[in-house]
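Single-structure report; data block below.
The values are calculated or read from the model by the stated rules, or taken from the named source; none is laboratory data. Because the structure is a prediction, the values reported are computed rather than measured. No Cβ is skipped: glycine too gets one built from the backbone with ideal geometry, and neighbour counts run over all protein chains shown.
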Amino acid sequence: MELLFLGTGAGVPAKHRNVSSIALQLLQERGTTWMFDCGEATQHQILHTSIKPRKIEKIFITHLHGDHIFGLPGLIGSRSFQGGESKLTVYGPRGIKAFIETSLTVSGTHVKYPLEIVEITEGKIFEDNTFKVEAMKLEHGIPSFGYRIVEKDLPGTLLVEKLREANIAPGPVYQQLKEGKTVQLQDGRVVNGSDFLGPSQKGRILAILGDTRFCPQSIMLAKNANVLVHESTFAAGDDSLAYDYFHSTAAQAAQVAKDANAKKLVLTHISSRYQPEHTQTLMDDARRIFENTEIAEDFKTFVVGK
């Protein structure tokens with residue numbers, strides 16, 4: 001599970017930062033990519049990466065400001081032109097369906113794959129046997145959501161040495177036992193896979209928040225997260241400015257991470273007022289409160305570790 005930042009700027013594109021978009025690479029977990037927000041020129045950013053648009057399975061939109069959605073029509077169309085055949089699901093606040101359908105209709109774009117558009121409310125918006133995604137409304141000038149992505153606990157590793165000690169020879173039976181099944185062996189013995197598995201591995205938690213003021217909902221979404229991705233539009237000392245514009249400072253993002261007992265904080269959505277040589281200020285602001293803080297840059301990758 002890796003986060004690849006495609007755009008880390010706020011509001012408008014800048015020379016060093018494109019507008020918001022994040023790719024969550026789930027290639028080992030499910031062979032797909034999920035995206036969070038899709039600002040202008042996101043598909044251009046993708047060209048500089050190994051991401052394959054046909055592998056994008058889901059796109060989660062935090063809110064409908066242009067710097068988070070203007071790249072959607074182009075990406076949806078290009079995915080079709082580039083041979084995408086599998087279903088794509090787009091989640092977002094009310095209005096996302098009209099935006100996408102109007103853009104595609106007016107431009108005469110015909111999508112060849114199944115396209116599902118889900119207008120979300122708070123609560124669980126997706127769950128299968130590997131992941132659960134929950135959404136909660138934050139505090140912004142328009143409805144803005146944060147997402148909590150929870151990986152289901154993984155089964156323990158197969159205890160091969162214990163199998164050998166029990167004179168169970170390698171073969172297809174190992175896969176059945178790894179899945180926890182009860183199996184009858186050729187010699188008549190019946191064995192239970194759970195007896196040959198190590199402790200289950202705790203699934204990871206990732207929180208990706210849309211634009212927001214400092215608010216309790218952010219802390220709830222980030223509770224015990226392995227990684228929290230939080231906007232950092234302003235530097236410390238600009239609290240009133242951040243409040244007036246429905247945004248957060250780096251220090252406020254760090255306070256969310258601390259209060260939520262998160263393991264790692266990644267700052268993004270950086271205002272163009274901060275040139276590359278000034279972003280260390282944002283890092284310092286945050287690290288005074290929450291030490292394990294990094295600042296995202298376009299094309300930077302972060303592993304979502306345990």
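Could you list, in sequence order, the residues of region 272-306 that are surrounded by fewer than 21 Cβ atoms within 10 Å (Cβ to Cβ), in a loop (DSSP other than H, G, I, E, B), modelled with pLDDT under 95 and not charged (D, E, K, R)?
Ser272, Gln275, Gly305
Whether any residue in region 254-267 is surrounded by 21 or more Cβ atoms within 10 Å (Cβ to Cβ), under 18 Å from Ser21 (Cβ atoms) and within 17 Å of the chain's Cα centre (by Cα) is what I want to check.
The answer is yes; a qualifying residue exists.
Hey, can you tell me all the residues within region 1-32 that are over 15 Å from Phe302 (Cβ atoms), crowded, with 16+ Cβ neighbours inside 10 Å and among the polar types (S, T, N, Q)?
Selection gives Asn18, Ser20, Thr32.
Report every pair of residues separated by at least 6 positions or lying on different chains whose Cβ atoms are under 9 Å apart, first residue within region 38-52 and farther than 11 Å from His68 by Cα, second surrounded by fewer than 14 Cβ atoms within 10 Å (Cβ to Cβ).
Close Cβ pairs (under 9 Å, with a partner that is surrounded by fewer than 14 Cβ atoms within 10 Å (Cβ to Cβ)) amount to Lys52/Gln82.
Residue-by-condition table, conditions (1) more than 30 Å from Gly180 (Cβ to Cβ); (2) out of contact with any Gly (no Cβ under 6 Å at 6 or more places or on another chain); (3) outside the structural domain of His140 (by TED's automatic domain parsing); (4) touching a residue at least 24 places away in the same chain (Cβ under 8 Å):
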residue: Thr212; (1), (2), (3), (4): yes, yes, no, yes
residue: Pro216; (1), (2), (3), (4): yes, yes, no, no
residue: Ile219; (1), (2), (3), (4): yes, yes, no, yes
residue: Ala225; (1), (2), (3), (4): no, yes, no, yes
residue: Ala235; (1), (2), (3), (4): yes, yes, no, yes
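Check off (1) in a strand (DSSP E or B); (2) more than 15 Å from the chain's Cα centre (by Cα) for Gln45 and give me the number that stays unchecked.
It fails just one condition, (1).
Hand me the list of strands (runs of 3 or more DSSP E) wholly inside region 153-257 holding 1 or more residues that are modelled with pLDDT of 95 or more and touching a strand residue (DSSP E or B) at 6+ places or on another chain (Cβ under 6 Å). Please lay out each step first, then the result.
On the way: elements: 182-184, 190-192, 205-209, 227-231.
Those strands (runs of 3 or more DSSP E) span 205-209, 227-231.
Mind checking which residues of region 110-129 are among the β-branched types (Val, Ile, Thr) and either modelled with pLDDT under 95 or touching a Ser or Thr at 6+ places or on another chain (Cβ under 7 Å) (or both)?
Those that are among the β-branched types (Val, Ile, Thr) and either modelled with pLDDT under 95 or touching a Ser or Thr at 6+ places or on another chain (Cβ under 7 Å) (or both): Val111, Val118.
Going through region 33-60 one residue at a time, which ones are hydrophobic (A, V, I, L, M, F, W, C) and within 17 Å of Phe131 (Cα to Cα)?
Once the filter is applied, which keeps residues that are hydrophobic (A, V, I, L, M, F, W, C) and within 17 Å of Phe131 (Cα to Cα), region 33-60 yields Trp34, Met35, Phe36, Ile56, Ile59, Phe60.
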